[in-house]
Amino acid sequence: MSTIAWIGLGHMGGPMTAHLVAAGHTVRGVDLNPAAAAAAAQRGVEVVATVADALRGADACFTSLPKPEHVRAVYGGPAGIFALAEPQTLLLDTSTVDIETSRWCHSEAAAHGLHFVDAPISGGTAGAEAHSLTFMLGGDDDADISRAREFVAPMAGSVFACGGPGAGVAAKLANNMMLFIGVMAMSEGSQLAEKLGLDAKVFWDVVNVSSGFSWPQRTWYPVPGVIGTAASDDNFDATFSVDLARKDCGLAVQAGHTTGVRLPAAELALSQLDTLIAEGLGAKDCTLVAKLASPDGTLRGYDPSLDSSSAIAEEART
Ligand code: NAD
């Protein structure tokens, strides 16, 4: 069994570390948010105060951090992972970042004599809980990829070696761009069905075996009482926040600009997420885009008066 350092015990890191603990590994975790750290401790993670404490003697170090700037901050600098990790510690970043940040991680790791694999994930919090995540691995070294496969196995449903440095992140960005365009389609379809008087569950059953089927429709349907575990069943508290969705969609649009690929649908999805952020809803779930389809801006299942101060605190943090 291995000792694993884990930085970032949030919506994804929390359940993912629990599976590593259940597989028999010792997991030493760090999070700036005491609530996230306490929840992980409940699931068997040994919570420590610093990255240095987590890294000591670790076989692997995972990061699950909100945005590229958090990743650069945690890996870089004198108290960062690159400065402190030992050569035997395999470094894996599961965060969704831009290609440049991922390549920076690979080159800095190499400059420090360390081994890094980009290892972004898909499947949402439901996939994290069910240890059915898709891992997209990027790296040149076959031995690193083999070791990465072993470390991610307790959390994974599928694992793909996508190519060289940054290839996992490239796959992730293209995938998530498709996801957020899909969220828009599902949102508009769900609200049209509501206003046309359809029973939400009957309509969902129809779509589920018809050509409107999609992953967000199956997992994130934005009408309460249909899925049972969707954000719409919990006043649209975030399983995947508007802020993180905006980040992913923005990174994909940025990659489109770099490569010359035209992405009008992704730009529209991005503008809808920006609208929600301008309304102060960045910490809520990204499926709140359904609100933008509603004729009067209200949405069944969403009561703004119930929004907790913790959601506001979350937004301030990320
Ligand atoms: P999250 O905000 O819930 O968790 C991130 C955690 O990192 C927070 O608890 C935060 O306190 C912590 N953190 C930030 N800076 C830190 C630092 N310097 N040191 C220690 N901890 C720090 O985010 P999440 O939803 O768990 O997502 C994590 C990553 O996974 C993101 O890059 C996201 O895009 C990606 N992702 C999320 C989902 C999803 O459905 N939520 C799905 C796939 C991928």
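The values are calculated or read from the model by the stated rules, or taken from the named source; none is laboratory data. Computed from a predicted model, the values in this text were never measured in an experiment. All Cβ positions, glycine included, derive from the backbone under ideal geometry; neighbour counts span all protein chains shown. Surface accessibility is based on the protein's heavy atoms, side chains included, excluding ligands, DNA and RNA. Shrake-Rupley method; radii C 1.70, N 1.55, O 1.52, S 1.80 Å.
Per-residue answers, yes or no, for (1) part of a helix (DSSP H, G or I); (2) away from the ligand (no atom under 14 Å from the Cβ):
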site	(1), (2)
210	no, yes
217	yes, yes
225	no, yes
228	no, yes
233	yes, yes
239	no, no
247	yes, no
255	yes, yes
258	yes, yes
Revision key, fill the gap. All conditions in (1) open to solvent by 20 Å² or more (accessible area, probe 1.4 Å); (2) on the phi > 0 side of the Ramachandran plot are true of residue 236 except (1)
Practice item. Please go through the stretch 37-54 and pick out each residue that is open to solvent by 30 Å² or more (accessible area, probe 1.4 Å), aliphatic (A, V, I, L, M) and under 21 Å from residue 115 (Cα atoms). Key: 52
Exercise for review: Output yes when any residue across the stretch 203-218 is open to solvent by less than 20 Å² (accessible area, probe 1.4 Å), over 30 Å from residue 113 (Cβ atoms) and out of contact with any Phe, Trp or Tyr (no Cβ under 8 Å at 6 or more places or on another chain), and no when none is.
Suggested key: yes
Point to revise | Subset tally (residues that are surrounded by fewer than 18 Cβ atoms within 10 Å (Cβ to Cβ) and closer than 19 Å to residue 120 by Cβ) for the stretch 254-276 | key: 3
Exercise for review: Report the residue count in the stretch 155-166 for those that are in contact (Cβ under 8 Å) with a residue 40 or more places away in the chain and more than 13 Å from the ligand (Cβ to nearest atom).
Suggested key: 2
Review point. From the list 152, 169, 117, which one is open to solvent by less than 10 Å² (accessible area, probe 1.4 Å) and within 13 Å of the ligand (Cβ to nearest atom)?
Key: 169
Study note, to complete from the structure: The lone condition residue 149 fails out of (1) in contact (Cβ under 8 Å) with a residue 24 or more places away in the chain; (2) in contact with a strand residue (DSSP E or B) (Cβ under 7 Å, 6 or more places away or on another chain) is (1)
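Tell me, which helices (runs of 4 or more DSSP H) lie completely within the stretch 14-87 with 1 or more residues that are more than 9 Å from the ligand (Cβ to nearest atom), touching a residue at least 40 places away in the same chain (Cβ under 8 Å) and more than 19 Å from residue 120 (Cα to Cα)?
Fully inside the stretch 14-87 and qualifying: 51-55.
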Review point. Has the stretch 120-130 got any residue that is within 9 Å of the ligand (Cβ to nearest atom) and within 20 Å of residue 24 (Cβ to Cβ)?
Key: yes
Exercise for review: Being on the phi < 0 side of the Ramachandran plot, open to solvent by less than 50 Å² (accessible area, probe 1.4 Å) and away from the ligand (no atom under 14 Å from the Cβ) narrows it down to one of 179, 198, 137, 192, so name that one.
Suggested key: 137
Review point. Among 57, 29, which is surrounded by fewer than 22 Cβ atoms within 10 Å (Cβ to Cβ), farther than 20 Å from residue 168 by Cβ and in contact with an Asp or Glu (Cβ under 8 Å, 6 or more places away or on another chain)?
Key: 57
Practice item. May I ask you to verify whether residue 290 is in contact (Cβ under 8 Å) with a residue 24 or more places away in the chain and crowded, with 18+ Cβ neighbours inside 10 Å? Key: yes
Point to revise | Among (1) under 28 Å from residue 170 (Cα atoms); (2) open to solvent by less than 30 Å² (accessible area, probe 1.4 Å); (3) in contact with a helix residue (DSSP H, G or I) (Cβ under 7 Å, 6 or more places away or on another chain), the one test that residue 62 misses | key: (3)
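Go through the stretch 96-149 and give me each residue that's outside any helix (DSSP H, G or I) and more than 16 Å from the chain's Cα centre (by Cα).
112, 113, 114, 115, 116, 117, 138, 139, 140, 141
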Practice item. Under 6 Å between Cβ atoms, at least 6 apart or on separate chains: pull out the pairs that start in the stretch 187-213 with a residue that is over 25 Å from residue 272 (Cα atoms) and in the same structural domain as residue 227 (by TED's automatic domain parsing) and end on any residue that is aliphatic (A, V, I, L, M) and surrounded by 12 or more Cβ atoms within 10 Å (Cβ to Cβ). Key: 201/226
Review point. Is at least one residue of the stretch 300-314 open to solvent by less than 60 Å² (accessible area, probe 1.4 Å), within 18 Å of residue 179 (Cβ to Cβ) and in a helix (DSSP H, G or I)?
Key: no
